[in-house]
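The values are calculated or read from the model by the stated rules, or taken from the named source; none is laboratory data. If you're wondering where the values come from, they're calculated on a predicted model, not measured in any experiment. Using ideal geometry, Cβ is built from the backbone for each residue, glycine included, and neighbour counts are taken over all protein chains shown. Just the protein is used for accessible areas: all its heavy atoms, side chains included, with ligands, DNA and RNA removed. Shrake-Rupley method; radii C 1.70, N 1.55, O 1.52, S 1.80 Å.
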Amino acid sequence: KMIKDAGFKSLGVPNLKENETNNQKKINLIIMGIIVIFVLYLTMGHMLNLPAVPFLNAHHFPFNYALTLLILAIIFLIYGFDIIKSGFKNLLHQTPNMDTLVTLGVLASFFYSLANMIFTANYATNLYFESCIVVIYLIKLGRYIEEKSKNKTQAAIQELVQITPEKAIRKNKKLMEEITIDEIKKGDILIVKPGMKIAVDGKITKGQSHVDESFITGEASPVKKAKNDQVIAGSLNIDGTLEYQAEKIGKDSTISEIVRLVVEATNTKAPIAKLADQICSYFVPSVIILALIVFFDYLFAGYNWNVALSTMVTILVVACPCALGLATPLAIVTSVGKAAHQGILIKSSQILEMAHQVDTIVLDKTGTLTYGHLQVAQIHNFSKLSNKELMHQVAALESNTNHPISSAFKEYAQKRNLPPVITKDVKIINGIGLQGKINKTTYYLGSYKLLKKLKLANPYETIENEMQAAGQSIVYVVAGKKILALIGVKDMVRTEAKLAIQKLQTHHDVIMLTGDNEKSAQLIASNLGIKKVYADCLPQEKTKLINELLKAGHKVMMVGDGINDAPSLAQASIGVSMQSGTDIASNTADVILTQNNLLRLVDLINISKKTFRIIKENLFWAFFYNLLMITIAMGIFKAWGLSLNPMLAGLAMMLSSLTVILNTLRLRKGGKKNA
């Protein structure tokens, strides 16, 4: 509004252009992928006795065949120009990496193939255009997946900003006016009615209510709020009207602080050094220098220009990183597929390279170790009704309210397929519970305050204390002047959590980190056997602890599901979110457990161990073939009749790739899921 009043036009959040760019990249990948399949069919189809493509048969139409591959290779060189540019830049800055090796191999294969196409009688002899095409496509595909993951994090941050309501009710003397959130000033008195969200951080000046702050604190049960208590923007007001004074607005709010922490953590996350890049930093310059030395050595030894050039190109072709290019990506793709089959969605190849290095696992409580919502935990039935009959009526009454506790009864009824019951005259008793009629009988449901309101004695205080000690919120069921039942609801621990913790603790330090209160946290921790507990933690305090662990040299895996976990998930070495978590948690995390099963953490670590071992083996075989063939290509064994020409170099290159593929397929074996 201010921009418009000043005579300018607001362009809003520039997402449209980014979306268009991402869509175009996706379309390009699909189109190029189809071309890659066509090229592989064209060049290797005859090995599988597949029918040849008309007019492109290498034996009958060599010119058509060669020209088609040349045109497609040029298209892919343009498509992968960013890789080639990066490769040359790194070479010029004396920091050769994977891009440099890819650029070297791709261009050597391309120009050698082009020379053979031009200067040989048979156009289709010794062509390696398909190598350029396949290697470039694999690298572009990997980069697209990683970029997509980053874009999701940015989108999640924008969604997080929008968690606060667009409008609020401001009290102006005795009048009430609806205003936009941007118009709120520090010190304004705001009113929030039941079912509405808190607009800004502030302090209650009048009224009392239950407020759902689970997205910040992780506490599943609504928190009772009264005069002088603090409220947080974005939290949901449940059952009473509150007046509160605006204290923190805009960039000072709790939500803004979480956004800042997420952005900072995402931007400062240290990149993992790639093993292949480390090797390439030595291998690439060595190959270039060696090829040049051999070229001049052959000239000085009296060989003609063609022999010297052919030998140099043979060295470059045999050093082409096809096997090296496959060594890591193929293992990653295979493992990611296997992990997905086991309910583990991995967003980045880096995760598989380092998950086995993790020594500390930090777990949120609500929604991670527990299910994250209230469930019926215990029923003490003192009536003549069966538990099913009693719960049938209670669930029917609770279906008339949106209170978080009511969701426990609704879920109970749904799981047992309880049919609906006609209820009448249902009324909310603010801050206490509700009342309603079923078959002319008036029922009351609520907290212990209900007994005071109805002036009833409580003969079940011992049972009540036991239930409270077990961390349960208690709902009294009253009909007439008699207490029919005490029903305990709580956020239940996941069934597999205890076994998962036991398995993880054999090799890792396990910590619970929660925004919930100390009592609830210790109760769950003792049940699961977790010894280190940090409770009552705000999002920034969680992030601080993760930072301290990282600075102490630990590799930290953070597992969470809520908005309050997002900064910590981004900051940790590896962030893991439950599928049932919020969008910001899922999109900030590196891994999502799609089955909401903590035992998948054990699987993730085991898959990482296997993957890393296979990658190292692949790199060994890739370099072993390269070094062996480079030695032969140099002509060292010519005296014994062992030599290598570009065609045999291409065959050796293919064999090294085949070795890597067969070794990688071992990842698909074994690895049964934990029960």
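Show me the ranking of peptides 23-29, 591-597 by mean Cβ neighbours inside 10 Å, starting with the highest.
Values: 23-29: 12.3, 591-597: 21.0.
Output ranking for 23-29, 591-597: 591-597, 23-29.
Using a cut-off of under 19 Å, list every residue of region 386-413 whose amide N is near the label point 7 Å from the Cα of Asn439 along the Cα-to-beta-carbon line. Flagged as within label range: 386-399, 413.
Cα gyration tensor of region 453-583, axes a ≥ b ≥ c as square roots of the eigenvalues: rounded (a/c below 1.5), prolate (a/b > b/c) or oblate?
Numbers: a/c = 2.83, a/b = 2.39, b/c = 1.18.
Prolate.
Residues Trp621, Trp305 ordered from highest to lowest accessible area at a 1.4 Å probe: Trp305, Trp621.
Apply 1/(1 + (r/R0)^6) to the Cβ-Cβ distance of Lys519 and Lys410, taking R0 = 35 Å, and write down the FRET efficiency to the nearest 0.05. Please list the in-between numbers first.
On the way: r = 27 Å, r/R0 = 0.77.
Step by step, r from the Cβ atoms, then E = 0.80.
Once you put a point 7 Å from the Cα of Leu627 and another 7 Å from the Cα of Lys481, both along the Cβ direction, what distance in nm separates them? Modelled inter-label distance: 9.4 nm.
Using the 1.4 Å probe convention, the accessible area of region 455-555 works out to 50 Å² per residue with neighbouring protein chains retained. The protection proxy used here, the mean number of other Cβ atoms lying within 10 Å of each residue, ranks peptides 523-530, 377-384 as follows, highest first: 523-530, 377-384.
Rounded if a/c is under 1.5, else prolate if a/b beats b/c, else oblate: with a ≥ b ≥ c from the C-alpha gyration tensor eigenvalues square-rooted, which is region 44-144? Here region 44-144 falls in the prolate category.
For Phe637, the solvent-accessible surface computed with a 1.4 Å probe is close to 70 Å², ligands and nucleic acids excluded.
A 1.4 Å probe over all protein chains sorts His59, His373, His93 by accessible area into His59, His93, His373, starting with the largest. Over all other residues within a Cβ to Cβ distance under 13 Å of Ile429, the charged ones net out to +2, with Lys and Arg as +1 and Asp and Glu as -1.
Once the Cβ-Cβ distance of Ile293 and Asn547 is raised to the sixth power relative to R0 = 41 Å, the FRET efficiency obtained is 0.25.
Modelled label positions at Ile35 and Lys203, each set 7 Å beyond Cα in the direction of Cβ, lie 6.6 nm from each other.
With a/c under 1.5 counting as rounded, go ahead and sort region 388-442 into rounded, prolate or oblate using the C-alpha gyration tensor (a ≥ b ≥ c being the square roots of the eigenvalues; past the cut-off, prolate if a/b is larger than b/c, else oblate).
Because a/c hits 1.5 or more and a/b fails to exceed b/c, region 388-442 counts as oblate.
As a test question: what accessible area, to the nearest 10 Å², does Ile84 have when a 1.4 Å probe is rolled over all protein chains in place? Approximately 20 Å² of Ile84 is accessible to the 1.4 Å probe.
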